[in-house]
Amino acid sequence: MDGSLLLAIDQGTTSTRAILFDATLAPLRVASRALPQHFPSPGWVEHDAEDIWAATLATLREVAEGVDAARIAGIGITNQRETTLLWERATGRAVARAIVWQDRRTADHCARLVAEGASPLITARTGLLPDPYFSATKLAWLLDAIPGAREAAARGALCFGTVESFVLFRLTGGRVHATDASNAARTLLFDIHRGCWDEDLLRLFDLPAALLPEVRDNAAEFGMTDASVTGVALPIRGMAGDQQAAMMGQACFAPGMVKSTYGTGCFALMNTGPTAVASSHRMLTTIAWQLGGLRCYALEGAIFVAGAALQWLRDGLGIITHASEADALSRAADPAQRVILVPGFTGLGAPWWDAGARGAILGLTRGTGRGEIVRAALESVGYQTRDLIEAMAADWPGGAPQILRVDGGMVASDWTMQFLADLLGMPVDRPTVLETTAMGAAWLAGLQAGLMAAPGEGAAHWRLERRFLPMMARAEADERQGAWRGAVRRVLSEARPA
Ligand SMILES: Nc1ncnc2c1ncn2[C@@H]1O[C@H](COP(=O)(O)OP(=O)(O)O)[C@@H](O)[C@H]1O
Ligand SMILES: O=P(O)(O)OC[C@H](O)CO
């Protein structure tokens with residue numbers, strides 16, 4: 001028995017992965033399952049809790065097959081954040097489909113909160129703002145929509161949680177209803193300065209405290225899996241929201257370091273150390289991690305559509321059959337055409353926060369073909385990232401970061417990474433292991449198991465695969481960014497927050 005393997009579960013928006021890592025955080029085995037998406041109404045996005053659970057169990061069993069359980073030092077769970085689940089405490093059965101972070105059905109509730117002047121309280125306590133992206137209004141919506149749910153919630157018969165909490169509950173056979181500080185920080189209900197659920201916010205959203213999970217450090221004893229579920233009892237020792245886990249996988253341990261993850265959406269996070277920096281530029285302030293009761297904070301820019309634009313080109317328009325075709329099509333596209341795609345399919349996130357905005361393709365001519373449209377989808381990722389990085393640089397006393405570390409499914413696109421470096425005018429570093437989210441969860445479990453050094457004591461697990469250096473003239477980059485902002489202004493809704 002050496003107890004030096006770590007097992008990460010990464011429950012993402014479009015897939016669930018389980019990855020077995022060795023003690024140097026090198027991935028040994030990966031199992032993956034796609035997650036079905038449900039779009040029952042315009043702007044609504046749902047996941048079936050049983051799909052999440054079935055994929056979690058299947059991937060976990062697949063990577064653990066034939067491995068001596070005594071060699072597994074711990075499991076780390078990481079997850080799509082904010083996605084809201086409500087389930088019966090007695091049975092673990094979800095009472096409705098999960099409402100996914102991208103879902104906009106609570107836009108009116110958020111607009112009401114803004115109109116009633118609740119924004120300053122919400123931002124001061126949570127570092128967030130009233131937007132349907134976060135969990136609280138989704139939870140309130142479920143309690144109102146399901147007959148009897150409010151009464152059952154008040155007597156403690158229901159559990160609320162985001163995906164990590166639901167997965168933990170099921171893995172432990174219903175014994176543990178808990179979450180971690182990084183996930184709690186995304187609910188609109190958690191005071192990120194005091195590190196606890198906030199009574200005033202519970203009142204504001206009319207939610208009973210009996211629903212809430214207990215909040216633990218990111219590296220902690222979360223309980224043992226139930227042997228009847230996983231075959232043998234294994235310790236769960238790490239937990240973090242996927243974007244915070246990616247920060248750890250990217251070893252962004254020093255204040256001022258930034259990573260950006262390109263999956264379905266794009267999430268750029270800057271480490272701000274023990275200081276919760278309040279943004280004057282519509283960035284989010286969030287908990288990066290809490291270890292030994294001490295919190296490290298981050299500034300975050302969240303954009304809702306990155307790789308999802310390619311999914312739309314593939315599944316909605318059918319003009320590509322696989323995302324990997326996008327690079328060749330973009331290289332071959334006419335450089336003289338300036339087509340701009342604003343991917344506001346589910347509204348716009350940071351720095352616009354406009355739930356009513358919708359997407360647009362501008363600059364079409366008779367010569368525009370699929371290459372120019374695909375290239376515009378890749379370019380939209382660069383433009384959106386530059387908006388975030390400039391906003392963060394304006395908030396952070398240390399100014400602009402020197403380097404951007406990138407990860408997520410979309411960084412396979414060399415073309416996109418080069419365009420990103422060109423627009424930002426800074427190096428873009430792609431690591432050897434792109435499963436940085438799972439790596440972060442494994443790192444947390446390893447930290448708790450005593451296998452890893454604490455942050456700041458070295459970042460031996462991070463290795464550079466390729467650095468993209470800026471080649472575009474600054475004047476051209478600035479002019480392009482200006483044209484992008486002009487395009488965004490044309491899709492903003494009249495009702496957007498001032
Ligand atoms: N070669 C590629 N070029 C561009 N985008 C890609 C490529 N391969 C995958 N993607 C995009 O990456 C996204 C999937 O990344 P992933 O990190 O698995 O997402 P998530 O965690 O949100 O489920 C998809 O939206 C897909 O369009
Ligand atoms: O599943 P991902 O990688 O798209 O991440 C989703 C985010 O956590 C939403 O906040």
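The values are calculated or read from the model by the stated rules, or taken from the named source; none is laboratory data. A quick note: this is a predicted structure, and the numbers were derived from the prediction, not measured. Because the Cβ atoms are built from the backbone with ideal geometry, glycine has one as well, and the counts that use them run over all protein chains shown. Heads up: the accessible areas ignore ligands, DNA and RNA and are worked out on the full protein's heavy atoms, side chains in. Shrake-Rupley method; radii C 1.70, N 1.55, O 1.52, S 1.80 Å.
For a quick check of your reading of the filter: which trypsin sites (Lys or Arg not before Pro) in the range 339-390 sit in a DSSP loop and have no more than 14 other Cβ atoms within 10 Å? Qualifying residues, ordered by number: Arg366.
For the range 248-341, the fraction of 1.4 Å probe accessible surface lying on carbon and sulfur atoms is 58 percent. Normalised per residue, the accessible area of the chain is 36 Å², obtained with a 1.4 Å probe and no contribution from ligands, DNA or RNA. Counted residue by residue at 0.36 nm each, then reduced by the alpha carbon distance between them, the extension gain from Asp478 to Glu221 reaches 87.6 nm. For the chain, what is the calculated [θ] at 222 nm in deg cm²/dmol (nearest 500), taking -39500 (n - 2.57) for each run of four or more DSSP H residues and dividing by its residue count? It comes out at -9500 deg cm²/dmol, rounded to the nearest 500. The distance between label points at Arg175 and Ala90 comes to 2.2 nm (points 7 Å beyond Cα on the Cα→Cβ vector).
Note on surface exposure: Asp407, Asp144, Asp242 rank Asp144, Asp242, Asp407 by accessible area, highest first, 1.4 Å probe.
P(r) tail, the chain: Cα-Cα pairs separated by more than 32 Å, 37% of all pairs. I'd like the distance between the alpha-carbon centres of the range 228-301 and the range 407-477, rounded to an integer number of Å. Here the answer is 14 Å between Cα centres.
Figure note: Leu129, Leu60 ranked by solvent-accessible area, largest first, 1.4 Å probe, ligands and nucleic acids not counted: Leu129, Leu60.
A Cβ-based charge dipole, computed about the Cα centre of the range 367-498 with Lys and Arg at +1 and Asp and Glu at -1, lands at about 200 debye. Quote to one decimal, in nm, the extra length available between Glu116 and Val67 on full extension: 0.36 nm per residue of separation minus the C-alpha distance between them. Length difference between fully extended and current span is 12.0 nm. Helices of the chain meeting both criteria, an alpha-carbon length of 24 angstrom or more along the long axis and an average Kyte-Doolittle score not below -0.5, with helices taken as full DSSP H segments, are 370-395. For the range 47-158, the share of accessible area belonging to carbon and sulfur comes to 53 percent (1.4 Å probe, ligands and nucleic acids excluded). Packing around the peptides 323-329, 31-37, taken as the average count of other Cβ atoms within 10 Å per residue, puts them in this order, highest first: 323-329, 31-37.
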